[in-house]
1. Which number do you get for Rg(Cα) / (2.2 N^0.38 Å) in the stretch 1-143?
2. Along each of its three principal axes, how wide is the spread of alpha-carbon positions in the stretch 126-194, in whole angstrom units, largest first?
3. Is the shape of the stretch 270-309 best called rounded, prolate or oblate, per the rule: a/c under 1.5 gives rounded, else a/b larger than b/c gives prolate, else oblate, with a ≥ b ≥ c the square roots of the Cα gyration tensor eigenvalues?
4. How far is the Cα center of the stretch 17-67 from the Cα center of the stretch 78-145, in Å?
5. Please report, in Å, the Rg and the Dmax of the chain, where both are computed over Cα atoms only.
6. Based on the Kirkwood radius over alpha-carbon pairs, what value in µm²/s does the Stokes-Einstein equation return for the translational diffusion coefficient of the stretch 130-242 at 25 °C and 0.890 mPa s?
7. Report the extension gain between residue 161 and residue 227 in nm, rounded to one decimal, defined as 0.36 nm multiplied by the number of residues separating them, less their alpha carbon distance.
8. Averaging sequence separations of C-alpha pairs under 8 Å and six or more residues apart, then dividing by the length of the chain, give the relative contact order as a whole percent.
């Protein structure tokens, strides 16, 4: 299986030609998180080029977001209204405030590209006491989904359309799935254990598996949410997408020479990788709860879909829901 995974990765990076986005987004309102650099900025550029009516660049740094806006507007002749909104995915209050602003300020919301993420190489706690990559990639992402869901559902009803919330994952989830043993965690304590420095340690070599693990938890969450709310009749599609290995700033903390060399040789450009994001945001019910790679729906690895994987998925999702309820009571009823 390991060899097959490696061969599949190499084939994807070297030989797969990703379709260039051509769909018109006239009349659509789109949010892209982490839109100031890399995949997020290039996806936003595509949306502007393709005529989106309104484009929200959701960023932690407003200055960097404004610079990205100027860059996009200078490179793409467009009538798209581009706005820069503050969003710190590690700060749950910021996530909730962002969603509240969307509910009050946007007439509609058609696509959310949940691209913001971190690949931390050392253990860091957020102000809320959660390990940073877990907070941003998993908890913050699903909190954003829950908080934006009423706006997405209202758009579906008012405009007879099918909004999409797309989570940017990674093929690295499969490596985590091969190692993740849910039975090694106490009942109801997967997330809390992962945020316990004494339990996980902060040795960079040992911590390098954290990013893939957060991507696995995303896959579990997307699958679980879709299973609880099948589409149709559920009015919003939620999926997750692997953009492949790309030459972006995501792995800027990783100093291992083999990773730097591999990214230099095999990495897709940010524009190429962003095509997968745009594709995922344009998919229908056939992608609900699914994992997409190379602009196709792909079945997750057997360690996810098998019996033990399903038990792990149920445990993880139950904890995510409990965590979200602890942050904002009642928020998961939005799903």
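We did not get these values from a lab; they are worked out from the coordinates using the rules stated. Note that this is a predicted model, so its numbers are computed, not measured. A quick note on method: Cβ atoms are made from the backbone with ideal geometry, for glycine too, and the neighbour counts reach across all protein chains shown.
1. Working: Rg = 17.0 Å, N = 143, 2.2 N^0.38 = 14.5 Å.
Normalised Cα radius of gyration, the stretch 1-143: 1.17.
2. Dimensions of the stretch 126-194 along the principal axes of its Cα atoms: 47, 29, 21 Å.
3. Numbers: a/c = 3.75, a/b = 1.86, b/c = 2.01.
It is oblate, given that a/c is not under 1.5 and a/b is not larger than b/c.
4. 15
5. According to the Cα coordinates of the chain, Rg and Dmax are 18.6, 55 Å.
6. Values: Rh = 15.4 Å.
For these conditions, the coefficient is 159 µm²/s.
7. Values: separation 66, 0.36 × 66 = 23.76 nm, distance 2.10 nm.
So the chain would gain 21.7 nm between residue 161 and residue 227.
8. Numbers: 603 pairs, mean separation 66.4, N = 335.
Rounded, it is 20 percent for the chain.
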